[in-house]
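These notes concern the structure reproduced below.
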Amino acid sequence: MTSNNRMQHAIWISVAALVIIVGFSFSWLTIRSFHTQLRQSLREQKQAGKLPAEWQDIDPDTVDISKLGFQMKVPRGMETRLQIALLLTDLWYVWVPSVVVVCFVMALFIRRRSVERQ
């Protein structure tokens, strides 16, 4: 393998790593943002006395949100981002290897095109 081929592979591995990092960062930030908004909403409802009776004694800052078991309407944009984030998180074992394979295929494709031009 020539140094040019190694450089191409290194570039595409870097691209794959960047895409994977961006995907996980998007998921983490989106879910974190949702939890922050949810906790703020719980705080406001608790202060206004609008929480159901069984939730009146919860601490919105420390409660395990996943165990509350309630439904909440969120704006369409947030719902879409949450669905994407959860899909990325739940199916990481599919999309991470797919990104790596696509990047390796792109490296091979570009290498073949450069060989054909010579």
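The values are calculated or read from the model by the stated rules, or taken from the named source; none is laboratory data. Note that the structure is predicted; figures quoted are calculated from it, not measured. Backbone-built Cβ (ideal geometry, glycine too); neighbour counts: all protein chains shown. With ligands, DNA and RNA removed, areas are computed over all heavy atoms of the protein, side chains included. Shrake-Rupley method; radii C 1.70, N 1.55, O 1.52, S 1.80 Å.
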Q | Out of Phe70, Phe104, Phe109, sole residue that is over 24 Å from Ser25 (Cα atoms) and in a helix (DSSP H, G or I) | A | Phe109
Q: State which residue pairs qualify: first residue among the polar types (S, T, N, Q) and inside the range 19-45, second residue assigned to a helix (DSSP H, G or I) in any location, beta carbons under 7 Å apart, and separation of 6 or more residues or different chains.
A: Ser27/Ala85; Ser27/Leu88; Ser27/Thr89; Thr30/Arg81; Thr30/Leu82; Thr30/Ala85
(Q) If I go through the range 61-70 residue by residue, how many of them are open to solvent by 90 Å² or more (accessible area, probe 1.4 Å) and among the small types (Gly, Ala, Ser)? (A) 1
Q.
Take the residues in the range 71-118 that are surrounded by 10 or more Cβ atoms within 10 Å (Cβ to Cβ) and among the aromatic types (Phe, Trp, Tyr); name whichever of them is nearest to Gln45 (Cα to Cα).
A. Trp92
Q) Among the residues of the range 97-115, is any among the β-branched types (Val, Ile, Thr), modelled with pLDDT of 90 or more and in contact with a helix residue (DSSP H, G or I) (Cβ under 6 Å, 6 or more places away or on another chain)? A) yes
**Q.** Boolean, Ser25 is under 30 Å from Ser3 (Cα atoms) and either open to solvent by less than 70 Å² (accessible area, probe 1.4 Å) or not hydrophobic (A, V, I, L, M, F, W, C) (or both)
**A.** no
**Q.** Members of the range 34-60 that are surrounded by 14 or more Cβ atoms within 10 Å (Cβ to Cβ) and in a loop (DSSP other than H, G, I, E, B)
**A.** Leu51, Ile58, Pro60
